[in-house]
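Visitor: Would you mind keeping the following structure in view while I ask a few things?
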Amino acid sequence: MDPSTNKKTPETSTSKYVISRRFDRIFLEIHSIYAFNLRFFKEVFFPPYEFKEIIKQCYEVGVRSLPLISVTAFIIGIVFTNQSRPSLRDFGATSLLPALISVAIVRAMGPLVTAIIASGRVGSSIGAELGSMRVTEQIDAMEVSATNPYKFLVVSRVLATTFMIPALTMYTTFVALLGGYLNVHQNELTTITTFFTQVFDAITFLDIIASSVKSVLFGFTIGMVGCYKGYNSSKGTEGVGKAANSSVVTAMFLVFIEELLVMQVVNAIRAV
Amino acid sequence: MKKINPNINRDDKVIAIRGLQKAFDDFEVLKCVDLDLYKGENLVVLGRSGTGKSVLIKIISGLLQADEGELNVLGEDVNNLTPRQMDALRLKIGFSFQNSALYDSMTVKENLEFPLVRHSKQMNQHDRDRVIDIVLEAVGLSQAMHQMPSELSGGQRKRIGIARTLILRPEIMLYDEPTAGLDPITCIEINKLINEVQRRFNTSSIIITHDLTCARAVGDRVVMLLDGEFKRQGTFDEVFATEDERVKAFYNYNFID
Ligand SMILES: Nc1ncnc2c1ncn2[C@@H]1O[C@H](COP(=O)(O)OP(=O)(O)OP(=O)(O)O)[C@@H](O)[C@H]1O
Ligand SMILES: [Mg+2]
C-alpha cells in the first residue's frame, strides 16, 4: 500500500475548515516571525561568539557590494543633478543646485538606493544560501552536532548587514555627491570647496541622525528577512528559489514602509 | 553474511523506545514503535520509501519531536531535556545524513574541523590536524583533505559525512541510507566501513536502508517497518522467513535475476 494514500486531501475537508486553517496559518506565521526576531536579541549578547563568521559575512556584504554600489551611486548623482537643473534654471536658482542635491541624497536617496541594491544583492543571496542549506539538511547537520545554527548562520548575517549597510550608505552618499559635483562643476564651474561647503550647509544634524537610524534599520531588515525566508524555506529545490525571491520582494517592501515611517517621525520632530 | 558481533551487551540498552507515535497534520507516519538498541550492536531498519525511517532517527536525535511515547537514549529521557542537556547528548550521537549534508561553502578539512573547534576546546591546531588525519584515513580519503564537497563524488561525500560524524567519537551512530545511489563496489566499501567503525570505536549503530545486501553485510539484527510499526525482527534470515506478501516482495525485488 502506498502510505501517501493515508493523507487527507484538502478537498475532503469542509470549506469552513479550510478557512479556519488559513487563519491558523497566518497567525502561526506571525508568531514564528516574532519568535525568530526575538531569538536574535536573546542570542546576540551571549557567547559563544562566531567572530570569524561575522567578519566573513561583513566582507561578503560590504566589500562584494562595492562595485555595483559605486557605479549606481555615481550615475544617480550625475543624472539627478542633470535632471534637476532645468527646473531650477526657470527660477534663475541654479546656484542652489548643490543644496538641493545634498538634501535629496543625504536624506533619502543615499539610504534608499543602498537598501534597494542590498536587498537585491545581499538579501537574495542570504535567502538562497540558507534556503539551500535547509533543503540539503546542512542546518540539521549543525544542530545534531550540537552547534547552534541560528547563532552561526543567522546572528552573524544579521549583524553583518546591520553594520555594513550603514557603512555602505555613507559610501553611496559620498559617491553620489561626487557624481553631482562633477556635473555641477562641468556646467556651473563651481569649485569643489564651494560645492561641498554648500552641501554641508544644507543638511542638519537631524538629517544625519535620521539617515543613520534608517540605514541601521534597513540593514537589520534586509538581513533578518533573508535569514527568515532561507532558514524556514520549504523542502525541495523550488523552496530555494522561492526563498531567494521572496527575500528580495519582502525586504524591499519593508524598506519602503520603514522609509515612510521614519520620514513621518522626522517631520514631526522638525515641526516642534 | 555477517558474523554477529560477540561484544554485544544485551543488558545495556543504549536506546529504548516505547509506543512512539508521530503524525504530520493528519498523516500518521509512526503509529506505535517499540525498539531497543543494545550496546555494540548494528541494527538495520528496513522499510519502503516513505514509511518514516528517516523520521524515526530524526526523532532519536531530537531534530523532530515525537507526539507520544517514551524515548530513552543513553539513559536520558529525550522528551524532558533542557536544550543544554540535549546538546550534551547530541555530542554522543553521530548522524550520517541520507544526502551527506556536507557544508558546501567549506573544504573537507573545514567540514571536519567544524565540530572539533566548537566542542574540543582543549585541543590545539596540531591535535586537531592529527584527529582529522586519523578519521580521513579511516574512511580512506586522505587525499581529499583540501577539496570542496562539490568536487567529490556521491560515494566520497558519504564517506566524508561519516568521517565528520565520527570525529567526536560518538557512542551511537545513526546512518540514513549509507549506500543509496552508489555502485555495488562502493556499497561494499561502505559496508566494510560501517563494520570497521563498529569494531574500532565500539559504537552501537542504527543503519537505515532498503539495500538488502547492505542489511546482510552489516546487520547483527534486522527490523522491518511496516505501516508505522516494527512488524518483523530478528536476524536477516528470520525476518524474511515469513509468508507476508509485503516482506516477500521486498526480498524478491532486491534479488531479481
Ligand atoms: N517535516 C515533515 N513535514 C511533513 N511531512 C513529513 C516531514 N518529514 C517527513 N514527512 C513525511 O513522512 C513520511 C516519511 O518520511 P521519511 O523521510 O521518514 O521516509 P523514509 O522512510 O526515510 O523514506 P526514504 O526511504 O525515501 O528516505 C513521508 O511521507 C513524508 O512525506
Ligand atoms: Mg529517508
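Visitor: Hey, what did chain B get for relative contact order, percent, Cα under 8 Å, at least 6 apart?
Guide: Answer for chain B is 27 percent.
Visitor: Any chance you could give the angle, 0 to 90 degrees and rounded to 10, that helix B:125-138 forms with the longest Cα principal axis of chain B?
Guide: 40 degrees
Visitor: May I ask you to list the residues of the stretch B:92-110 whose amide nitrogen lies under 13 Å from a point 7 Å from Cα along the Cα→beta-carbon direction of B:GLU196?
Guide: Answer for the stretch B:92-110: none.
Visitor: Hey, another quick one. Considering every residue in B:114-127, what mean count of other chain Cβ atoms within 10 Å of its Cβ is obtained?
Guide: Mean inter-chain Cβ contacts per residue within 10 Å come to 2.
Visitor: Using packing as a proxy for protection, rank A:77-88, A:197-208, A:126-137 so that the peptide with the highest average count of other Cβ atoms within 10 Å comes first.
Guide: In decreasing order of mean packing, A:77-88, A:197-208, A:126-137 become A:126-137, A:77-88, A:197-208.
Visitor: What does the charge count near B:CYS214 come to, summing +1 for each Lys or Arg and -1 for each Asp or Glu among other residues with Cβ under 15 Å from its Cβ?
Guide: Its environment carries a net charge of 0.
Visitor: If you don't mind, another one. What helices does chain A hold that run 24 Å or longer along their axis, going by alpha-carbon atoms, with a Kyte-Doolittle average of 0.5 or more, using DSSP H for the helix calls?
Guide: A:66-90, A:156-188, A:205-231, A:237-271
Visitor: Give me the net charge of A:GLU137's neighbourhood, meaning all other residues with Cβ under 12 Å from the Cβ of A:GLU137; Lys, Arg count +1, Asp, Glu -1.
Guide: -1
Visitor: To the nearest 500 deg cm²/dmol, what mean residue ellipticity at 222 nm is calculated for the protein assembly as shown from DSSP H runs of n ≥ 4 alone, each contributing -39,500 (n - 2.57), summed and divided by the residues?
Guide: Here the helix-only value at 222 nm equals -18500 deg cm²/dmol.
Visitor: If I take every Cα pair under 8 Å that is 6 or more residues apart in chain A, average their sequence separation and divide by the length, what percent do I get for the relative contact order?
Guide: For chain A, the relative contact order is 30 percent.
Visitor: May I have the pair-distance distribution P(r) for chain A, computed from all Cα-Cα distances with 5 Å bins from 0 and rounded to whole percent?
Guide: In whole percents, the pair-distance histogram is 1, 6, 11, 13, 14, 13, 11, 9, 7, 6, 4, 3, 1, 1, 1, 0, 0.
Visitor: Also, quick follow-up: Just to be sure I understand the model, the point goes 7 Å from the Cα along the line to the Cβ. What's the resulting A:VAL213 to B:ASP133 distance in nm?
Guide: 5.9 nm
Visitor: Here's a follow-up. Students often check this: by mean Cβ neighbours within 10 Å, which of A:142-151, B:150-159 ranks highest, and how do the rest follow?
Guide: Highest mean packing first, the order is A:142-151, B:150-159.
Visitor: Which log10 I(q)/I(0) values does the protein assembly as shown give at q = 0.11 Å⁻¹ under the Debye formula, counting every alpha carbon as one identical point scatterer?
Guide: -1.00
Visitor: Moving to a separate point now. Give me a single rounded figure for A:145-153: the average over its residues of other chain Cβ atoms within 10 Å of their Cβ.
Guide: Counting Cβ atoms of other protein chains within 10 Å of each residue's Cβ and averaging gives 5.
Visitor: Quick one: go through the stretch A:118-161 and flag any residue whose amide nitrogen is under 15 Å from the point 7 Å out along the Cα-to-Cβ line of A:ALA35.
Guide: Only A:150 fall inside the zone, counting backbone N under 15 Å.
Visitor: Quick check: residue separation of A:ASN267 and A:PHE23 times 0.36 nm, minus the Cα distance between them. What number comes out in nm?
Guide: Contour length minus Cα-Cα distance gives 84.1 nm.
Visitor: Next up: So for the stretch B:101-169, averaging the separation of alpha carbon pairs under 8 Å that are six or more residues apart and normalising by length, what relative contact order in percent results?
Guide: 50 percent
Visitor: If you don't mind, another one. Calculated FRET efficiency, A:THR204 and A:SER70, Cβ-Cβ r, R0 22 Å, to nearest 0.05?
Guide: Taking R0 as 22 Å, the efficiency between A:THR204 and A:SER70 is 0.20.
Visitor: When you look at the Cβ of every residue in B:161-172, what mean number of other chain Cβ atoms sits within 10 Å?
Guide: For this peptide, the per-residue mean of nearby foreign Cβ atoms is 1.
Visitor: Oh, and also: On a 0 to 90° scale, report how tilted helix B:245-254 is relative to the longest principal axis of chain B, with both axes built from alpha carbons and the result rounded to the nearest 10.
Guide: The angle comes out near 40 degrees.
Visitor: Please report the base-10 log of the normalised intensity I(q)/I(0) for chain B, using a Debye sum with one equal scatterer per alpha carbon and no solvent, at each q in 0.13, 0.17, 0.18 (1/Å).
Guide: At q = 0.13, 0.17, 0.18 Å⁻¹ the computed log10 ratios are -0.84, -1.40, -1.53.
Visitor: So how much slack lies between B:LYS31 and B:ASP12, counting 0.36 nm per residue of separation and subtracting their Cα-Cα distance, in nm?
Guide: Contour length minus the Cα-Cα distance gives 4.3 nm.
Visitor: Let me ask you something else. Using alpha carbons only, how many degrees (0 to 90, rounded to 10) separate the axis of helix B:154-166 from the longest principal axis of chain B?
Guide: Helix B:154-166 sits roughly 80 degrees off the main axis of chain B.
Visitor: If I stretch the segment between B:MET145 and B:GLN125 completely, what's the gain in nm (0.36 nm per residue apart, minus their alpha carbon distance), one decimal?
Guide: Using 0.36 nm per residue and subtracting the Cα-Cα distance, I get 5.7 nm.
Visitor: Give me the net charge of A:GLY123's neighbourhood, meaning all other residues with Cβ under 13 Å from the Cβ of A:GLY123; Lys, Arg count +1, Asp, Glu -1.
Guide: +1
Visitor: If you don't mind, there's one more thing I want to ask. Across the Cα atoms of the stretch B:101-169, what radius of gyration and what greatest pairwise Cα-Cα distance (Dmax) are found, in Å?
Guide: 11.0, 34
Visitor: If we sort A:61-70, B:160-169 on the protection proxy, mean other Cβ atoms within 10 Å, highest first, what's the order?
Guide: My ranking of the peptides, most packed first, is B:160-169, A:61-70.
Visitor: In addition: For the pair B:MET106 and B:ARG84, how long in nm is the line joining their label points, each one 7 Å along Cα→Cβ?
Guide: 2.5 nm
Every read-out reported here was derived from the displayed coordinates using simple, explicitly stated rules and does not represent laboratory data. Quick caveat, the model's predicted, so the values are computed rather than measured. Note that we place each Cβ from the backbone using ideal geometry, even for glycine, and neighbour counts take in every protein chain shown.
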